[in-house]
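Read through the structure below, which is laid out as structure tokens, and then see the notes.
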Amino acid sequence: MADLAPTPELLRSLGRLVRGLSCLFWGLPLALLVSMPEVQSAWLGRVGYLPPIIMTSLLCYGTWLMGSFQQQERIWVAAHGRTLMLAIFNLGLSPFVYWWERVPSNEYFAVAALLFSLGELGFLYCLNLALERLGAMLPDETLRLETRQFTAINRWLILLLLLGAIMLFGLMQIPAMSPSLADALRAIHRHQQWFALPLVLFPVAVTMALLWKTKEIIFESVFNQQR
């Protein structure tokens with residue numbers, strides 16, 4: 001890896017990058033799991049709002065660690081900055097998932113929980129964009145090609161989910177609506193995680209695979225040179 005000369009400064013930034021990728025790899029599925037109200041009610045209700053906070057904190061910390069890599073690359077820095085901003089946004093809204101599950105009739109909690117769901121999708125979208133920029137900086141052509149292809153697919157799926165969520169929110173704001181349609185929309189909103197889950201699982205799984213492969217390539221091509 002001629003482009004990644006093993007200087008002490010670069011090795012430190014790569015070490016932080018690898019730790020950040022590991023945090024994101026483990027944090028993504030756990031954050032998706034504990035953020036679901038049904039899981040909160042059935043398994044995690046006794047510990048309150050701590051699980052969503054802990055998992056979103058792990059994502060925030062992992063994203064922050066990645067920021068020390070190639071700080072002179074403006075495109076990468078911009079993509080990383082947007083991802084970190086959304087990670088912090090989700091961390092601030094994470095307790096509302098628990099509170100909304102406890103008081104579903106509270107409109108403030110419902111809007112905050114919906115914003116959290118949108119923020120999670122936005123974070124996943126920006127993370128895929130950041131992974132594409134990261135792959136472009138690493139001198140591995142296979143990783144670069146796979147990252148470009150799969151992150152594009154992920155982003156299209158996430159955009160469809162975001163569009164569906166925005167349409168649902170917009171329809172719920174219409175005052176003149178038949179009672180049956182209003183009840184149906186409220187039921188969809190109440191169980192939105194189960195409707196979105198099949199479309200969310202694919203980009204989450206692919207993102208995890210890209211995170212793991214990027215981490216392994218850094219280990220094999222850079223850190224093994226020190227042996």
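Quick notes on this structure:
- Within the stretch 140-162, the set of residues being assigned to a helix (DSSP H, G or I) and either of a type in the set (Asp, Glu) or more than 18 Å from the chain's Cα centre (by Cα) (or both) comprises 141, 142, 143, 144, 145, 146, 149.
- Residue check for residue 131: under 22 Å from residue 22 (Cα atoms), touching a residue at least 40 places away in the same chain (Cβ under 8 Å) and not in a loop (DSSP other than H, G, I, E, B): yes
- Restricted to the stretch 43-121, the set of helices (runs of 4 or more DSSP H) holding at least 2 residues that are under 18 Å from residue 27 (Cβ atoms) and in contact with a Leu (Cβ under 6 Å, 6 or more places away or on another chain) comprises 50-66, 74-93.
- Sole exception among (1) over 14 Å from the mean Cα position of the chain (by Cα); (2) closer than 23 Å to residue 131 by Cβ; (3) hydrophobic (A, V, I, L, M, F, W, C); (4) buried (at least 21 other Cβ atoms within 10 Å of the Cβ) for residue 86, by number: (1)
Throughout, read-outs are computed from the coordinates displayed, never taken from laboratory work. Computed from a predicted model, the values in this text were never measured in an experiment. No Cβ is skipped: glycine too gets one built from the backbone with ideal geometry, and neighbour counts run over all protein chains shown.
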